Amino acid sequence: MPLKSANHVLSLCLAGLVISCSSAEPVAEAPDDLSVNEAELTADETLVLGDISNNPTKKVAEYTPLADYLESRLTDAGIKAVTVKIAPDLETMESWIAEGKVDLYFDSPYPAMIVSTNTGAEPLLRRWKKGVAEYSSLIFVLQTSEIQTIEDLDGQRIALESDFSTSGYMLPRVSLQAAGLELVEQSANDGSIGENEVAFVFSADESNTVELVISGKTDAGAIDSGTFDELPDEIQASMKVIFESETVARHIVLAGPELPAEQVDAIKNQLLAMDQSSEGNTALEGFENTTKFDEFPVGQSIERLEELYRLTLE
């Protein structure tokens, strides 16, 4: 692609515009750049995959194998093009889904439940992102800490990732509530912490969570089990896990409320069959090393995920 054209695509990505996976040229949100055929497609003929990222160019590239695969197999369902649309934040994604501008949205359980509740999007399948079907949240402290159990966090400080993280917010929050403890946000270390309270700060990143515990700025941290297992041996050895939450699906596919039922069924069937062919497995590998899509197991039902989400509202 010429440099001028590449820069144009990048500027459109940064503006939250949709990018065609087949041609890497802007479509749908940039009418002046549309080809005649693309401009004539109706909403029902274009399937839009959505995600959230502050690096839209990279994210579009990651979604391209999946989009191309689906585009070649959904013509019988009336879908002639599959594109990708990257939002800068959860609020934008919610509005796009509600307006029918995004049809399939991929995310971890907590933000997926937020979007589902606020837009009517339907949880469709579980995604084995990077080969991982499920994960949990681990609450950890330094080996030298006197804290031994989750109940011992009463009056202590904990680092959490962000207010839309499954493993770094929803699961530890619900677990602390079950232990009779209330999370109270506190940006500095000099505030008092009441009885049955746990003060928390948002770290914005799991590596920052670990650093806050190591540096002693918080007494504990919560990160997902896979990330903890990937920590260097010496860091793991300096920590002790005091609590592990229940496991939940690593990633979820949501179908937007405006997507026709017959297309939802066709998409679901294609996703479920991907790992059964060489072409499908190649596309899955290109899509962030996804292993497969499958139905939600009994222990990770949508009803349970919805319950966990409701508990965060209490």
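Here are the numbers:
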item	result
Every residue from segment 230-259 that is touching a Gly at 6+ places or on another chain (Cβ under 7 Å) and open to solvent by less than 40 Å² (accessible area, probe 1.4 Å)	Gly256
Pairs with Cβ under 9 Å, 6+ apart, first in segment 190-202 and on the phi > 0 side of the Ramachandran plot, second modelled with pLDDT of 95 or more and open to solvent by 70 Å² or more (accessible area, probe 1.4 Å)	Asn196/Glu182
Which numbered condition Ser277 misses (of (1) closer than 27 Å to Asn118 by Cβ; (2) more than 18 Å from the chain's Cα centre (by Cα); (3) small (Gly, Ala, Ser))	(1)
Residue in segment 60-74 that is open to solvent by less than 60 Å² (accessible area, probe 1.4 Å) and either assigned to a loop (DSSP other than H, G, I, E, B) or modelled with pLDDT under 95 (or both) present	yes
Restricting segment 177-229 to residues that are of a type in the set (D, E, K, R) and loosely packed, with under 13 Cβ neighbours inside 10 Å, the residue that is farthest from Ser245 (Cα to Cα)	Asp190
Top-ranked residue in segment 80-106 [being in contact (Cβ under 8 Å) with a residue 12 or more places away in the chain and of a type in the set (Ser, Thr, Tyr); ranked as farthest from Asp224 (Cα to Cα)]	Thr83
Which listed residue is modelled with pLDDT under 95, within 21 Å of Glu122 (Cβ to Cβ) and in contact with a strand residue (DSSP E or B) (Cβ under 9 Å, 6 or more places away or on another chain), from Ile252, Ile267, Ile302	Ile302
Scan of segment 260-287 for residues that are among the β-branched types (Val, Ile, Thr) and open to solvent by 60 Å² or more (accessible area, probe 1.4 Å), ordered by number	Thr282
Residue within segment 181-201 that is touching a Ser or Thr at 6+ places or on another chain (Cβ under 7 Å) and over 30 Å from Lys80 (Cβ atoms) present	yes
Residue in segment 153-166 that is among the basic types (Lys, Arg) and either touching a Gly at 6+ places or on another chain (Cβ under 9 Å) or open to solvent by 50 Å² or more (accessible area, probe 1.4 Å) (or both) present	no
Residue check for Val84: in contact with a Phe, Trp or Tyr (Cβ under 9 Å, 6 or more places away or on another chain), at pLDDT 95 or above, on the phi < 0 side of the Ramachandran plot and open to solvent by less than 40 Å² (accessible area, probe 1.4 Å)	yes
In segment 288-310, the residues that are open to solvent by less than 40 Å² (accessible area, probe 1.4 Å) and part of a helix (DSSP H, G or I)	Gln300, Ile302, Leu305, Leu308, Tyr309
Selected residue [touching a Ser or Thr at 6+ places or on another chain (Cβ under 6 Å) and either in contact (Cβ under 8 Å) with a residue 24 or more places away in the chain or among the β-branched types (Val, Ile, Thr) (or both)] from Pro109, Pro56	Pro109
Among the candidates Ile302, Ile214, residue that is under 27 Å from Gly50 (Cβ atoms) and in contact (Cβ under 8 Å) with a residue 60 or more places away in the chain	Ile302
So Asp233, is it within 26 Å of Ser116 (Cα to Cα) and not hydrophobic (A, V, I, L, M, F, W, C)	no
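Residues are listed down the side, and each one gets a yes or a no for (1) within 17 Å of the chain's Cα centre (by Cα); (2) outside any strand (DSSP E or B):
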site: Lys85; (1), (2): yes, no
site: Lys101; (1), (2): no, yes
site: Phe106; (1), (2): yes, no
site: Tyr110; (1), (2): yes, yes
site: Thr117; (1), (2): yes, yes
site: Pro123; (1), (2): yes, no
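The values are calculated or read from the model by the stated rules, or taken from the named source; none is laboratory data. The structure displayed is predicted, hence computed values, not measured ones. Glycine also receives a Cβ, built like all others from the backbone with ideal geometry; neighbour counts cover every protein chain displayed. These accessible areas exclude ligands, DNA and RNA; they are computed on the full protein's heavy atoms, side chains included. Shrake-Rupley method; radii C 1.70, N 1.55, O 1.52, S 1.80 Å.
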